[in-house]
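Down below is the structure, laid out as C-alpha cells.
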Amino acid sequence: MGEMSNTLQKCGYETFDKGADLYCLFTERAFKLLKAGGLQSFIMPNKWMLVAYGKPLRKFLAKTGLRQILNFGDIQFFAEATTYVCIFVTQNSLPSENLNVLSLNRKTYRGDFMTEVKSNIYEYPTSKFGEAEWSIQPFHDSVKLEQMKQNGIELKDLPVSICRGILTGFNEAFYIDEETRNKLVAADAKSAEIIKPMVRGRDISAYGITGFEYLIGTFPALKLDIDNYPAIKDHLLLFGYDRLNQTGEQGARKKTSGKWFETQDSINYYEEFSKPKIIYPNMTSVFPFMYDENGFFSNDKSFILTAKDDSISLLFLATVLNSSLAKLWIWYNCPELQGGTREIRKVYFEHFPVPKASEEQTALLANYTTERTRLTSDLQNVVAKFQRTLQRKFNIKELLIHNKQVIL
C-alpha cells in the first residue's frame with residue numbers, strides 16, 4: 001500500500017494489513033455497499049488465500065455468505081500480465097452450510113474453460129474457511145489431504161528445529177571454491193577451522209547433492225578475532241574494507257552490529273549445521289529433501305531441519321518428505337511463485353502432517369533413505385570416474401552435462 005498505508009490504517013478497515021494490496025480493502029468496501037441479499041463477485045490475485053497479509057480478508061469473508069471460490073492456480077488467462085487469479089462470489093447474508101469450490105492448475109488444465117469448471121467444481125463445508133490459510137484442492141486430492149491431516153502430527157508439534165541457511169550479505173567474498181580453500185589452508189592451517197563445506201539451494205536433490213563449494217564461516221556468534229586468521233583476513237580484504245563494512249552506507253553491506261569480516265546474520269544456531277539434518281531449498285518446483293550427516297552448511301536459499309532428541313528419526317522423516325503425498329501437500333499449502341515454484345517457508349511448512357508410524361514402519365522408511373543415498377553416491381562416483389577417464393584419454397578440460405558446465 002506504500003505511502004497510503006498510514007492513512008488507510010486509520011480508516012477502520014477490518015481487512016487492513018500493511019503488507020496487503022489495495023484489493024483487500026476494495027473487497028471489504030464493495031461488500032459493505034451491498035443491500036441485504038446482494039451478491040458480490042471479484043476476479044483478483046489468489047495469493048491472499050495463503051499468505052499472512054490475507055488473514056484479515058479471510059476472516060472478513062468467512063463471516064459473509066460465501067457461495068463460490070474458484071482458484072485457478074498458476075493458469076495464465078491474461079496475455080499481457082503474469083498473474084495467478086481466483087474468483088469468489090459472496091452474498092450479504094449469513095454463511096451457508098456449504099459452498100462450491102474449484103481448484104485448477106496448469107499441469108492438468110486442458111484449455112476448455114467451461115468444461116473444466118463444470119467437471120471439477122464440488123461442494124465443500126463452509127466451516128473449513130476461517131482466518132487460517134484457505135487451501136482448495138480437487139475433490140480426490142482433498143480426500144487424501146484430509147486423511148493426512150487426521151492421521152498426522154504437525155511438524156511444529158514434533159521435537160525438531162527449522163533454521164534458515166547462512167546469509168552473508170556479500171557472497172562473492174564469503175563463498176570460495178576448493179582451489180581457494182586449499183590455498184588459504186596452505187597459507188595458514190588455522191583457516192581450516194572456519195572454512196565449511198556448503199551447498200546452495202540449487203545444489204540440493206532428494207538423496208544427494210549436485211555440487212558444493214566452501215563458506216568462510218566468520219559468524220558473529222563465534223566472536224572471532226580476525227587477526228588470528230591472517231590468510232582469511234587477507235582474502236576478505238581483497239574485496240575492500242568499505243564494501244564489507246556493515247554500515248548501511250552506499251557501497252557497503254546492510255547496517256548491522258557485525259564487524260566488517262563477519263557474515264551478515266549472527267547465526268547463533270551454527271552448531272545445528274554439524275548435526276545430522278535435512279536440507280531443503282526455500283523455493284522449488286521439485287521439492288527435494290536431502291538427509292545430510294556430513295556437516296554441510298547451506299546458504300540462505302535453503303533451510304535445515306534438525307532433531308532435538310532421539311525420539312524422531314530424520315531418516316524416516318526424509319523418506320516421508322520425499323514422498324508423492326508430501327509433494328501434494330506442499331503443492332496446495334505453500335504459496336505459489338512463478339513457474340509452478342512453491343515457497344517452503346517455515347511459517348507454512350511447519351504445519352506439514354507427519355504420519356504416525358510404528359517402530360517397524362519407521363525403521364523400514366528410514367532404511368529407504370539410507371539405501372537411496374548410498375546408491376546416489378555410488379552413481380556420482382561412477383560419473384566422476386567417467387569424467388576423469390574422458391579427461392585422460394581425450395585431454396578434455398570441460399564438459400557440458402545436462403546443460404551444466406563441468407570443469408575437469
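Data overview
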{"quantity": "Residue check, GLY12 loosely packed, with under 12 Cβ neighbours inside 10 Å, under 25 Å from GLN68 (Cβ atoms) and not assigned by TED's automatic domain parsing to the domain that holds GLU343", "calculated": "no"}
{"quantity": "Test: ALA189 is at pLDDT below 95 and either surrounded by fewer than 19 Cβ atoms within 10 Å (Cβ to Cβ) or more than 27 Å from GLY251 (Cβ to Cβ) (or both)", "calculated": "no"}
{"quantity": "Residue check for ALA318: assigned to a helix (DSSP H, G or I) and crowded, with 22+ Cβ neighbours inside 10 Å", "calculated": "yes"}
{"quantity": "Selection count where residues are within 12 Å of the chain's Cα centre (by Cα), over 28 Å from PHE239 (Cα atoms) and either in a loop (DSSP other than H, G, I, E, B) or not polar (S, T, N, Q) (or both), scope the stretch 283-309", "calculated": "7"}
{"quantity": "Test: residue in the stretch 55-77 that is assigned to a helix (DSSP H, G or I), of a type in the set (D, E, K, R) and touching a Pro at 6+ places or on another chain (Cβ under 7 Å)", "calculated": "no"}
{"quantity": "Of residues in the stretch 183-241 being of a type in the set (Lys, Arg) and within 27 Å of the chain's Cα centre (by Cα), the one nearest to ASN294 (Cα to Cα)", "calculated": "LYS196"}
{"quantity": "Residues of the stretch 43-78 satisfying the condition of being modelled with pLDDT under 95, farther than 22 Å from SER142 by Cα and aromatic (Phe, Trp, Tyr)", "calculated": "TYR53, PHE77, PHE78"}
{"quantity": "The stretch 163-192 residues that are closer than 17 Å to GLY211 by Cα, paired with ones that are acidic (Asp, Glu) and in a strand (DSSP E or B) (beta carbon under 8 Å, 6 or more apart)", "calculated": "TYR175/GLU213; ILE176/GLU213; ASP177/GLU213; GLU178/GLU213"}
{"quantity": "Any chance LYS59 is of a type in the set (Lys, Arg) and either buried (at least 19 other Cβ atoms within 10 Å of the Cβ) or without any contact (Cβ under 8 Å) to a residue 60 or more places away in the chain (or both)", "calculated": "no"}
{"quantity": "All positions within the stretch 230-263 that are in a loop (DSSP other than H, G, I, E, B) and touching a strand residue (DSSP E or B) at 6+ places or on another chain (Cβ under 9 Å)", "calculated": "PHE261, THR263"}
{"quantity": "Of all residues making up the stretch 338-357, the number that are farther than 20 Å from ASP141 by Cβ and in a loop (DSSP other than H, G, I, E, B)", "calculated": "4"}
{"quantity": "Residue match in the stretch 364-385 (condition: of a type in the set (Val, Ile, Thr) and either more than 26 Å from the chain's Cα centre (by Cα) or not in a helix (DSSP H, G or I) (or both))", "calculated": "yes"}
{"quantity": "Residues that are free of Cβ contacts under 8 Å to residues at least 12 places away in the same chain and not basic (Lys, Arg), drawn from the stretch 128-147", "calculated": "HIS140, VAL143, GLU146, GLN147"}
{"quantity": "Hey, SER103 over 26 Å from HIS351 (Cβ atoms) and in contact (Cβ under 8 Å) with a residue 24 or more places away in the chain or not", "calculated": "no"}
{"quantity": "Complete set of residues in the stretch 194-213 that are free of Cβ contacts under 8 Å to residues at least 60 places away in the same chain, among the charged types (D, E, K, R) and touching a Gly at 6+ places or on another chain (Cβ under 9 Å)", "calculated": "ASP203"}
{"quantity": "Of all residues in the stretch 1-41 being free of Cβ contacts under 8 Å to residues at least 12 places away in the same chain and on the phi > 0 side of the Ramachandran plot, the one that is nearest to the chain's Cα centre (by Cα)", "calculated": "GLY2"}
{"quantity": "Near pairs, Cβ below 7 angstrom, 6+ apart or cross-chain, from the stretch 277-288 (assigned by TED's automatic domain parsing to the domain that holds ASN322) to any residue that is among the hydroxyl-bearing types (Ser, Thr, Tyr) and at pLDDT 95 or above", "calculated": "LYS277/THR306; ILE278/TYR291; ILE279/SER298; ILE279/SER302; TYR280/SER302; PRO281/SER302; ASN282/SER302; PRO288/TYR280"}
{"quantity": "Output for the stretch 84-109, where each listed residue is farther than 21 Å from LEU34 by Cα, exposed (fewer than 13 other Cβ atoms within 10 Å of the Cβ) and at pLDDT 85 or above", "calculated": "GLU97"}
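So that you can scan it fast, the table gives a plain yes or no per residue for (1) under 25 Å from MET198 (Cβ atoms); (2) touching a residue at least 24 places away in the same chain (Cβ under 8 Å); (3) surrounded by fewer than 16 Cβ atoms within 10 Å (Cβ to Cβ):
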{"residue": "PRO335", "(1), (2), (3)": "no, yes, no"}
{"residue": "GLU343", "(1), (2), (3)": "yes, yes, no"}
{"residue": "PHE352", "(1), (2), (3)": "no, yes, no"}
{"residue": "LYS356", "(1), (2), (3)": "no, yes, yes"}
{"residue": "ASN367", "(1), (2), (3)": "no, yes, yes"}
{"residue": "VAL382", "(1), (2), (3)": "yes, no, yes"}
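The values are calculated or read from the model by the stated rules, or taken from the named source; none is laboratory data. Predicted, not measured: the structure shown is a model, and the values here were computed from it. With ideal geometry, Cβ positions are generated from the backbone for all residues, glycine too; neighbour counts draw on all protein chains shown.
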